[in-house]
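Asker: Handing you this structure, nothing more for now.
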Amino acid sequence: MDKRIVFDLPPAGSECHRIVVKVDPADIFYLTTLAETYEGLAIPRSVDQAQGIVEFLTAPDFLDDTRRMIEGLGKEIPIRILRA
């Protein structure tokens with residue numbers, strides 16, 4: 001069985017950016033809960049809970065702020081950015 005994860009690109013003309021990260025599956029709840037406190041910045045979504053894959057959907061105007069938020073959270077828990 002193929003265990004690769006495929007990340008589809010947003011549709012052409014989409015105003016949504018996706019940042020995909022990998023964390024320890026035990027940290028998903030912590031990561032998404034903290035990210036949700038930055039109201040309106042990005043929408044966190046678990047893509048694959050077993051592998052610890054989380055994506056953040058954000059508007060172009062908030063892309064840099066979302067990246068800084070992820071970097072800041074990376075000081076608390078190990079985060080590997082798979083797609084920025």
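The values are calculated or read from the model by the stated rules, or taken from the named source; none is laboratory data. As the structure is a prediction and not an experimental result, all values here were calculated from the model. Cβ atoms come from the backbone with ideal geometry, glycine included; neighbour counts cover every protein chain shown.
Asker: From Leu73, Leu57, which residue is touching a strand residue (DSSP E or B) at 6+ places or on another chain (Cβ under 6 Å) and aliphatic (A, V, I, L, M)?
Answerer: Working: Leu73 fails: touching a strand residue (DSSP E or B) at 6+ places or on another chain (Cβ under 6 Å).
One residue alone meets the criteria, Leu57.
Residue by residue, here is whether (1) under 18 Å from Lys75 (Cβ atoms); (2) modelled with pLDDT of 95 or more; (3) within 12 Å of the chain's Cα centre (by Cα) holds:
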| residue | (1), (2), (3) |
| --- | --- |
| Asp2 | no, no, no |
| Glu15 | no, no, no |
| Val21 | yes, yes, yes |
| Pro25 | no, yes, no |
| Thr32 | yes, no, yes |
| Glu36 | no, no, yes |
| Glu55 | no, yes, yes |
| Ala59 | no, no, no |
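Asker: In the range 44-82, which residues are among the β-branched types (Val, Ile, Thr), surrounded by 14 or more Cβ atoms within 10 Å (Cβ to Cβ) and part of a strand (DSSP E or B)?
Answerer: Residues satisfying the conditions are Val47, Ile53, Val54, Thr58.
Asker: Which members of the range 32-43 meet the condition of being part of a helix (DSSP H, G or I) and either in contact with a strand residue (DSSP E or B) (Cβ under 8 Å, 6 or more places away or on another chain) or surrounded by 15 or more Cβ atoms within 10 Å (Cβ to Cβ) (or both)? Quick ask: steps written out before the conclusion?
Answerer: The first filter runs over the range 32-43 and keeps only residues part of a helix (DSSP H, G or I), leaving 32-37.
Correct list: Thr32, Leu34, Ala35, Glu36.
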